[in-house]
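Each reported figure results from applying straightforward, stated rules to the coordinates on display, with no laboratory input. What you see is a predicted model, and the numbers here were worked out from it, not measured in a lab. Counting neighbours? That spans all protein chains shown, and the Cβs are built from the backbone with ideal geometry, glycine included.
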Amino acid sequence: MVRNFSAACDLFLEALSTFSAGEVIPFVKFVEMVILLSMATSERGTLVTKVLRSPEVVASLRDLSGLDVYLRSYYDCHYEGFMNSLYGALSRVACNRYLRRHSKFYSREVRARVYRQFLQPYKSVTLKSMAAAFSVSEGFMDSELSAFISSSKLHCKIDKVSGIIETNRPDSKNAFYQSTIKQGDVLLNRVQRLSRVINM
């Protein structure tokens, strides 16, 4: 089975304003899918323009209790509210017949996104302040971040002695430099082999 949430989200967002297949899926369920998939894949700019400000979503939010807090708390960086509403959103995912089998994946993706959003403006932040922002214990936050760091979903490291999380974002210039050096080495090796063949 292929799990491509971002392509599915793009298709749902394209169909949102012209949706007319109420006999296949009720419109409120369709909007629920849009919100859930957008939270897992869309960037903040897309989230505000295509979801938060969408008249179809705004009109349906009153029928989707809990998802409005889930959506707005993520966008407004209110992480305590996000963690409180996450359980409700995950229970919706578990009850959705299309997303049910992906509930663990969805949970990990959304949590990784919100932690990444929190850490983005900081060079370093204390584990205590991050745990307080999310209204969880330091031990829980430490185990969560450790799991995401080891799976390369977060680019940071935890200094357990000092209780500090240090971000180390991948630098695009450095990556480009490294790839250029590798390509140059490959080219030099080929030229040397060619010169040996010609000299014989």
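Odds and ends about this structure:
- Pairwise Cα inverse-distance average, inverted: Kirkwood Rh of region 1-119 (Å): 14.3
- For the chain, the longest principal axis of the C-alpha atoms and the axis of helix 138-150 are separated by about 50°.
- Ordered from longest to shortest, the equivalent ellipsoid semi-axes for region 66-136 are 24, 13, 10 Å, each the square root of 5 times a Cα gyration tensor eigenvalue.
- Dipole-positive endmost among L61, A132, S85 within region 8-146 (Cβ charges, Cα centre): A132
- Dividing the convex hull volume of the alpha-carbon atoms in the chain by its residue count gives 190 Å³ per residue.
- Based on every Cα atom in region 1-41, Rg and the maximum pairwise Cα distance Dmax equal 10.3, 29 Å.
- Relative to the dominant Cα principal axis of the chain, helix 5-16 is inclined by about 40°.
- For region 98-200, the fraction of C-alpha pairs farther apart than 19 angstrom is 58 percent.
- With Cα atoms, 0 to 90° folded angle of helix 172-199 axis to the chain main axis: 30
- For the chain, built as a Gaussian network whose Cα springs stay under 10 Å, the top-fluctuating residue of K173, K104, K29: K173
- Region 118-172: translational diffusion in µm²/s, Stokes-Einstein, Kirkwood Rh over Cα pairs, 37 °C, 0.692 mPa s: 291
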